[in-house]
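Only one structure is covered here, and it is reproduced in the block below.
The values are calculated or read from the model by the stated rules, or taken from the named source; none is laboratory data. Computed from a prediction, not measured in an experiment: that's the story for all the values here. When we count neighbours, we look across all protein chains shown, and the Cβ atoms used for this are built from the backbone with ideal geometry, even at glycine. Ligands, DNA and RNA are stripped out before the accessible areas are found, and what is left, the full protein with its side chains, is counted by its heavy atoms. Shrake-Rupley method; radii C 1.70, N 1.55, O 1.52, S 1.80 Å.
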Amino acid sequence: MRWTPSGWQADDSGAGWRVPGIANLHSHAFQRAMAGLAERQTNPEDSFWTWRETMYRFAARFDPDTLHAVAAQLYVEMLEAGYTSVCEFHYLHHAPDGRPYADPAAMSQALVAAARATGIRLTLLPVLYMSGGFDGRPLGERQRRFGHDVDGFLALLERLRAEQGDMLRIGCALHSLRAVPADPMGDVLAALPAQSPIHIHIAEQLGEVQDCLNLRGARPVEWLFGHAAVDRHWTLVHATHLNDAEVQAIARSVATVAICPTTEANLGDGLFPLRAYLDAGGAWGIGSDSQISVSPVEELRWLEYGQRLATHHRNIAVRPDCDSVGETLLHGALSSARNATGNPAVGDDLVTLDAAAAQFAGMTSHDAVDRWIFSGNRNLVRDVDVAGIKVVAGGRHRDREAVAADYRRAMSKLLA
Ligand code: NGQ
Ligand code: ZN
């Protein structure tokens, strides 16, 4: 791949048409097991909040073994789709009754082991989750397995940090302003190492913006900027509902917004103000979040299509120096990867596209990226090399069958 004045271009290196590996900035691995299982209407008023009840019921069934099997399947799918690193926003910490496992890091270790086995780079973001709403109410019965006090949470981070390397970074996540009261937020932020990535869900639903206004006297992003030194180490997940001052504040801070277009569509969140944010020079990347799609192509495509549907225009995500939508999108997703993952090595990975595919007939460097992102539904990823190791060849992960067999066993347990 190479950077030209007009953006990232795929480039025929002799070994094939290559683009850099994509960073997946937001994943809840366990939700892979419920993809497609929350699509029946339970109530004409179905919403994000009713989906969340289904998700909690599902979350209650996991143990470290089933989490490992589901995460491994998911990471194989991510690698085959061209994601070479993943930020895992992990809050399924304890046993279903809320008691820590004998090893309090058992669920974190299941994710670390799944990433190691499959060869994807992992930024593990253990999540601080303390309250059931902006009013500080205690965790509900189904949220108990997510909870920590500040000391227990910092001990978990410390213990996991001992294992860091090029393939594993440990960051920190605050579940949301709903789930983290102001004082513990300050205590945890003050205790983090200077370079730690910090991720937070924010302003995803209008109800959440309204509750924040009512109980904290400010909109969520506005409140966060008033109470934390948000900088390039921060990733704001979703940030769907922003006013212009908030768009400008995020862009100025150089924080990354993790946009998750397919999940945001699936959950009825709303549309991120992409054009205004690009005009402000804001940094952003993509996430597969609830795993109803595991494809950087689909995330990038729908990021653009959402804007087209809302504005009745075409070719919206472009820059003054790049008129290709695909190249602008690819460039955006790549530029934030180091800050958001906290891993300086993420830019080194390579995805080789299948130049023999019919969608690429007559391809040149001028149109390769747009063809990849905007033509057809076949996965055009052929080979994937992470940290110099070929983990996908001819479109197949080296352990695809064995991992899928484990996943089927885990699914029969989870669905029993
Ligand atoms: C999550 N997912 O933590 O999995 C959330 C839902 C919540 C998304 N926001 C739960 N997409 O926000 O309370
Ligand atoms: Zn999320």
Legend entry - Filter result for Gln291 (modelled with pLDDT of 95 or more, within 16 Å of ligand 2 (Cβ to nearest atom) and either within 15 Å of the chain's Cα centre (by Cα) or aromatic (Phe, Trp, Tyr) (or both)): yes
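Restrict the check to the range 106-121 and report whether at least one residue is touching a Gly at 6+ places or on another chain (Cβ under 9 Å) and either under 22 Å from Gln73 (Cβ atoms) or among the hydrophobic types (A, V, I, L, M, F, W, C) (or both). Steps first, answer last, please.
Initially, the range 106-121 is screened for residues touching a Gly at 6+ places or on another chain (Cβ under 9 Å), giving 121.
In the following step, the residues that additionally are either under 22 Å from Gln73 (Cβ atoms) or among the hydrophobic types (A, V, I, L, M, F, W, C) (or both) were identified as 121.
The answer is yes; a qualifying residue exists.
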Inset, instruction - Considering only residues that are open to solvent by less than 40 Å² (accessible area, probe 1.4 Å) and in a loop (DSSP other than H, G, I, E, B), look in the range 7-45 and name the one that is modelled with the lowest pLDDT. - result: Ala10
Legend entry - Whichever residue in the range 225-261 is crowded, with 24+ Cβ neighbours inside 10 Å and more than 16 Å from ligand 2 (Cβ to nearest atom) and, among such residues, is nearest to the chain's Cα centre (by Cα): Ala255
Legend entry - Residue count for the range 53-89, restricted to those that are open to solvent by less than 10 Å² (accessible area, probe 1.4 Å) and not in a helix (DSSP H, G or I): 9
Inset, instruction - Being among the hydroxyl-bearing types (Ser, Thr, Tyr) and under 28 Å from Arg32 (Cβ atoms) narrows it down to one of Ser324, Ser365, Ser375, so name that one. - result: Ser375
Legend entry - Evaluation of Leu300 against (1) assigned to a loop (DSSP other than H, G, I, E, B); (2) more than 16 Å from ligand 2 (Cβ to nearest atom); (3) surrounded by 19 or more Cβ atoms within 10 Å (Cβ to Cβ) (one fails), failing number: (1)
Legend entry - Out of Leu174, Leu206, sole residue that is at pLDDT 95 or above, within 15 Å of the chain's Cα centre (by Cα) and within 23 Å of Leu267 (Cβ to Cβ): Leu174
Inset, instruction - Output yes when any residue across the range 397-405 is touching a helix residue (DSSP H, G or I) at 6+ places or on another chain (Cβ under 9 Å), surrounded by 16 or more Cβ atoms within 10 Å (Cβ to Cβ) and modelled with pLDDT under 95, and no when none is. - result: no
Legend entry - All positions within the range 165-186 that are more than 16 Å from ligand 1 (Cβ to nearest atom), over 22 Å from Ser108 (Cα atoms) and in contact (Cβ under 8 Å) with a residue 12 or more places away in the chain: Ala182, Gly186
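Can you name every residue in the range 214-240 that is more than 13 Å from ligand 1 (Cβ to nearest atom) and part of a helix (DSSP H, G or I)? Spell out the reasoning first.
Of the residues in the range 214-240, the ones more than 13 Å from ligand 1 (Cβ to nearest atom) are 214-219, 221-235.
Result: Asn214, Leu215, Arg216, Val221, Glu222, Trp223, Leu224, Phe225, Gly226, His227.
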Inset, instruction - Look at the range 264-288 and say how many of its residues are part of a loop (DSSP other than H, G, I, E, B), away from ligand 1 (no atom under 16 Å from the Cβ) and in contact with a strand residue (DSSP E or B) (Cβ under 9 Å, 6 or more places away or on another chain). - result: 1
